[in-house]
Amino acid sequence: MKKCRASCRIAIIGGGASGVAAATRLMENGFCHVQILEAEDYIGGRIRTIPFADNVADLGAQWCHGMKNNCVYDMVKNLDVVTPTGDFFNDVAMVRSNKEVVPSELGHKFHEMAFGSMPNDTTPVVGCMGSYLVEHFWKEIEKQIPDVDRELAAEFLESFQKHESSIEGSDNLFEISGRGHLEYEECEGDQLVHWRTKGYARFLRLLMKVSEDEPSQLGLLNGCVKLGKKVTQIQLLPGRKVQVKCEDESFKVDHVICTVSLGVLQKDMDTLFSPPLPPAKVNAIRSLRLGTVDKIFFEYDTHPFPNNFVGFFPLWIEKDLKELRKSKHAWLEGITGIHKITCQPRVVLAWVGGVHGRKAELLTDAEFLESMQWLFRKFLSFEMPEPKRFMRTKWHQNSNFRGSYSYRTTTADENNTGPWDLASPIMGEENHPSLMFAGEATSRTHFSTVHGAAEAGWREADRLIEYYAICN
Ligand SMILES: Cc1cc2nc3c(=O)[nH]c(=O)nc-3n(C[C@H](O)[C@H](O)[C@H](O)COP(=O)(O)OP(=O)(O)OC[C@H]3O[C@@H](n4cnc5c(N)ncnc54)[C@H](O)[C@@H]3O)c2cc1C
């Protein structure tokens, strides 16, 4: 017999944005037995806000991307808790490896042409984003500024591709599906809406209805969260029950919502699920990708950049790049940008991604800092002191994430799969949704973001709300 909202038991695997969104919606709709099982010792997953310098640092999600049709922005727009940053990256300088700063007018022209060379709604694209961009960029150069220094244009294009790859989360743009890129729906408005001095964790507190006076509380989710609980197996039993096994306990529930990252699914699916997942799901898990994007926060006594200098994108001159690749600092090729951040007057933020990001995660702090100081000396005409403190992320190394955010690949196109296969639930008898999947990578239109993760959590909560619309 079908249970009702008050009696059915639901386990949510993972307490990131998706898990918290699912759990809070269920609690608000009369479900009484909802339990989040979270492997880490904190709630939030890839939303990780910690004290740093003058207030906080977001090790994962930092900005709400867009204002229209963005569920995060919709939730906070009347609360006076967020501020748009404006077109910040437009002011970041392009600096060559001989310390030459590209004149801003030319830099903006390059930028405008590169943006105009990206696939957009009016230009359906087959294959990968990288080929499309490169082909169209060089055509634009030929058309608009044929006399420009081609070496400089090539250096810019490399740097632009690296920056875009870090936005996409990919190793390079040649893996990115042009079709997937177009199916991603960018929310209109400022792409860098920030959380002032509170960080993205404020969104979680709003979801959980936690007061800012008691930020460590769990609000709606009090008593519903087990931290440090790694789920080792999700076993579908005959009928409708699901057995959830952790390292130290095991229990039966009626439904599981699994929100673990795509990287965790890729690595652990053979042991995590019994019986094995259906072929369509496995195809999606193997075809989509979770990229590596890491952040490095440097704290100084006073800001080391000159007042009018926001930051820089490194442009490698070919001969310097060849030398770099032979040196112990080779991973620096993966640094995509270095800049100031809003509300943190003494902090510099650097980004490293892709294959070089994964290599950088393996360095010791001393090796890492030595390379960074070398990079600053190579590119900047002013002196960068040693930071007072620095902190870096290792999202790929962490076995509870195994990467940063997901992207749609050309392999997924070839294998005719995508987030929709990842999202589809596994049913028990009589169409009972036994095992459901949420998490950012299951979002067809907003993958890789917090708003995509939250929407996915709500999608699966709504599935259960509808399933239990009539209790008997
Ligand atoms: C460096 C970086 C910058 C980013 N910047 C932005 C940004 O500015 N704006 C934006 O919108 N998005 C950004 N993102 C992406 C955003 O953070 C994610 O899309 C979103 O937070 C994912 O939420 P989720 O709930 O799907 O997954 P997660 O947050 O990964 O939650 C899944 C949870 O499952 C737990 N888990 C894993 N395995 C197990 C297990 N076996 N048992 C129990 N628990 C388990 C994990 O510990 C994790 O807490 C960024 C991400 C990174 C890494």
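The values are calculated or read from the model by the stated rules, or taken from the named source; none is laboratory data. Just so you know, these numbers come straight off a predicted model, no measurement behind them. Please note: Cβ atoms are built from the backbone with ideal geometry, for glycine as well, and neighbour counts cover all protein chains shown. SASA here: full protein model, heavy atoms, side chains in, ligands and nucleic acids out. Shrake-Rupley method; radii C 1.70, N 1.55, O 1.52, S 1.80 Å.
Send over a whole-number figure in Å² for the accessible area per residue of the chain, probe 1.4 Å. All intermediate terms of the calculation are to be shown ahead of the outcome.
Values: 20160 Å² over 472 residues.
Value returned for the chain: 43 Å² of accessible area per residue.
Across the options Phe160, Val148, Ser131, the greatest Cα extent toward the positive end of the charge dipole of segment 103-183 (unit charges at beta carbon of Lys, Arg, Asp, Glu) belongs to Ser131.
Using the reciprocal of the averaged 1/r over all distinct C-alpha pairs, how large is the Kirkwood radius of segment 56-140 in Å? Working shown, then result.
Working: mean 1/r = 0.0609 Å⁻¹.
After inverting the mean inverse Cα-Cα distance, the result is 16.4 Å.
Here the simple spin-label model places points 7 Å from the Cα toward Cβ, and for Phe382 and Asp147 these points are separated by 3.4 nm.
Working out 0.36 nm times the residue gap between Lys267 and Ser211, then minus their Cα-Cα distance, what length gain in nm do you get to one decimal? Kindly include the intermediate steps, with their values, before the conclusion.
Values: separation 56, 0.36 × 56 = 20.16 nm, distance 3.74 nm.
Difference between extended and current length: 16.4 nm.
Using a 7 Å offset from Cα along Cα-Cβ at Asn222, what residues in segment 190-210 end up with backbone N under 17 Å from the label point? Under 17 Å, as judged by backbone N against the label point of Asn222, lie 205-210 of segment 190-210. Label-to-label distance, Glu188 versus Leu362, with points set 7 angstrom from Cα along the beta-carbon direction: 4.7 nm. Enter the Cα centre distance for the pair segment 79-147 and segment 172-240, rounded to the nearest angstrom. Between the Cα centre of segment 79-147 and that of segment 172-240, the gap is 30 Å. With a Förster radius of 22 Å applied to the C-beta separation of Arg196 and Cys71, the computed FRET efficiency comes to 0.65. Across segment 25-79, the volume of the C-alpha convex hull divided among the residues equals 143 Å³ per residue. When you filter the trypsin sites (Lys or Arg not before Pro) in segment 373-404 for DSSP loop state and at most 16 other Cβ atoms inside 10 Å of their Cβ, you are left with Lys388, Lys394. The spread of Cα positions in segment 249-355, taken along each principal axis and listed from longest to shortest, comes to 59, 37, 23 Å. When both segment 413-432 and segment 281-328 are represented by their alpha-carbon centers, they are found 35 Å apart.
Extending 7 Å from Cα along the Cβ direction at Cys4 and again at His303 yields two label points whose distance is 5.9 nm.
So for the chain: antiparallel DSSP bridges make up what percent, rounded to the nearest 5?
Working: 42 of 63 bridges.
Taking every DSSP beta bridge within the chain, about 65 percent pair in antiparallel fashion.
Mind checking which lysines have their Cα closer than 16 Å to the Cα of Lys241? Skip sequence neighbours fewer than 8 apart in that chain. Leaving aside lysines fewer than 8 places away in the same chain, those within reach of Lys241 are Lys2, Lys3, Lys252.
Report the semi-axes of the equivalent ellipsoid for segment 103-183 in whole Å, largest first, where each axis is √(5λ) for an eigenvalue λ of the Cα gyration tensor. Before the final figure, lay out each step's value.
Details: eigenvalues 96, 39, 21 Å².
For segment 103-183, the semi-axes come out at 22, 14, 10 Å.
Straight Cα distances below 18 angstrom link Lys340 to the lysines Lys198, Lys295, Lys388, with same-chain residues fewer than 8 positions distant left out.
Computed on the chain, the Cα convex hull volume stands at 152 Å³ per residue.
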